[in-house]
Amino acid sequence: MLEIKTAKSRKGKRELEKRAPKLVESGKKTLILHGTKTSAVLNAVLAQIYHLKKNYAVKFSRKNDNVKPFEAGGETSLEFFSLKTDCSIFVYGSHSKKRPDNLVLGRTYDHHIYDLVEVGVENFKPMEFFSYDKKLAPMEGSKPFIVFIGEGFEAVEELKHLKEVLLDLLRGEVAENLNLAGVDRAYVCAAVSPNRVLFTHCALRLKKSGTIVPRMELVEVGPSMDFVVRRHRPPNESLRKEAMKTSREKPKKKEKNVKKDELQGKIGNIYIPDQKIGEMAIPNKSKGVKRERREAKRKHGSDENASKRKKEDS
């Protein structure tokens, strides 16, 4: 069991708030790590995946003997790494005689294993294999198109599951609006057979089409590989329901004394009560009041002196 520690500083509290669940989640980070034994092909695949997700990925270079996602007790270290790095998706690479060039793609919920898909990598071609105009190279962190071709993604359970995991792995941050000029890449996944998927990475070239919408051409820039589905473990139905929960949006309260106009926009009415200026108390420190008091004193004093003289004369 992991010991739960509370933050003692303001910086620690801010970090915990960033990792806390949110109503609108930000982009998911990916954890990339090696198994006990890996091949040269698998090392290149993990490096290329890290390059594609450079701003949203954490890569471990050391071998991890204790990580075995499909075995009981083998996911403890993986969940610990997920908690420490705040990553909700992981890519685990291993190589053995029984399962050569093996990749395990998985997701976590509340830093516990949610689901797993195991694929074998075949016909791998790195980015350096492709020759193209370097001006077409996609920018780091740009938003991609993701294309799934084939009926297998709708009919075969293993490919359905793989589609969900690849979408979470490749889509990056969720955006409501996109500038077409900033979309410069596309991931193409084609279901060749019920257990094989062709994956490739392409750059987008915009050309004139005679209309407002430009014509798009795909230029393969790599990496390219075949995924052969081996094992998969879908989430429990109860866990899926808990993970898919969404908060109901509260209805907006009606704003009083506010109207909306198409030209002027938002117009508000402000009601000010009668201020009754005549009944307001005037402060005693004003110079005008002091002068009036002095004049009143002088007048009052002269009247008293005049009355005294009259009495004396009488």
Next item on the list: Check whether at least one residue in the range 178-188 is of a type in the set (D, E, K, R), closer than 30 Å to SER131 by Cα and not in a loop (DSSP other than H, G, I, E, B), and report yes or no.
Entry: yes
Check: What are the residues in the range 93-120 that are touching a Leu at 6+ places or on another chain (Cβ under 6 Å) and either open to solvent by 10 Å² or more (accessible area, probe 1.4 Å) or in a helix (DSSP H, G or I) (or both), if any?
Finding: HIS95, ASP101, HIS111
Note to self: Out of GLU154, GLU140, I need the residue that is under 28 Å from the mean Cα position of the chain (by Cα), open to solvent by 20 Å² or more (accessible area, probe 1.4 Å) and closer than 16 Å to ARG196 by Cα. Which one?
What the structure shows: GLU154
Next item on the list: Determine whether the range 97-114 contains at least one residue that is over 26 Å from the mean Cα position of the chain (by Cα) and free of Cβ contacts under 8 Å to residues at least 60 places away in the same chain.
Entry: yes
Notebook entry, point to check: Are any of the residues in the range 69-76 under 17 Å from ASP226 (Cα atoms) and either open to solvent by less than 50 Å² (accessible area, probe 1.4 Å) or part of a strand (DSSP E or B) (or both)?
Noted result: no
Next item on the list: Output the residues belonging to the range 196-216 that are assigned to a strand (DSSP E or B) and either surrounded by 12 or more Cβ atoms within 10 Å (Cβ to Cβ) or touching a residue at least 24 places away in the same chain (Cβ under 8 Å) (or both).
Entry: ARG196, VAL197, LEU198, PHE199, THR200, HIS201, CYS202, ALA203, LEU204, ARG205, LEU206, MET216
Margin query: Looking only at the range 33-47, filter to residues that are in contact with a Gly (Cβ under 9 Å, 6 or more places away or on another chain) and closer than 27 Å to PRO234 by Cβ; which one of those is surrounded by the fewest Cβ atoms within 10 Å (Cβ to Cβ)?
Written below: THR38
Item checked: Identity of the residue in the range 77-86, surrounded by 14 or more Cβ atoms within 10 Å (Cβ to Cβ) and out of contact with any helix residue (DSSP H, G or I) (no Cβ under 8 Å at 6 or more places or on another chain), that ends up farthest from LYS29 (Cα to Cα) -> SER77
Check: Does any residue of the range 182-189 turn out to be touching a helix residue (DSSP H, G or I) at 6+ places or on another chain (Cβ under 9 Å), open to solvent by less than 80 Å² (accessible area, probe 1.4 Å), at pLDDT 85 or above and of a type in the set (A, V, I, L, M)?
Finding: no
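The values are calculated or read from the model by the stated rules, or taken from the named source; none is laboratory data. No experiment lies behind these values; they were computed from the predicted model shown. So basically every Cβ, Gly included, is an ideal-geometry build from the backbone, and we count neighbours across all protein chains shown. Remember, those area values only see protein heavy atoms, side chains included, never the ligands or the DNA or RNA. Shrake-Rupley method; radii C 1.70, N 1.55, O 1.52, S 1.80 Å.
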